[in-house]
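One structure is given here, and the rest of the page talks about it.
A short reminder: the numbers here are calculations on the coordinates, not readings from a lab. Everything numeric in this text was worked out from a predicted model, so none of it was measured.
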Amino acid sequence: MSEKSIKLKEEAIKGELGEIVRQSVEDTLNALLDEQALSMDECEPI
């Protein structure tokens, strides 16, 4: 019974950690894209 409980907790932790990593990567990429878009707005048109 204890092994089953540990396995369920391990899966829950992995799922939560995966979500934290996914959100962190998404936030970082969005910030980089926003910064790039702002720098492109500052460029003079050709």
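Using θ = phi - 60° in the Karplus curve 6.51 cos²θ - 1.76 cosθ + 1.60, the 3J(HN,Hα) couplings for region 9-15 round to 5, 4, 5, 5, 5, 4, x Hz; x is entered for Gly and Pro.
From helices alone, the chain scores -33000 deg cm²/dmol at 222 nm; the rule is -39500 (n - 2.57) for each run of n ≥ 4 DSSP H residues, then divide by the residue total.
Need the full-extension length gain, Leu33 to Val21, defined as separation in residues times 0.36 nm minus the C-alpha distance. One decimal, nm.
Full extension from Leu33 to Val21 adds 2.5 nm.
The chain has equivalent-ellipsoid semi-axes of 45, 5, 4 Å, by the square roots of 5 times the alpha carbon gyration tensor eigenvalues, sorted largest first.
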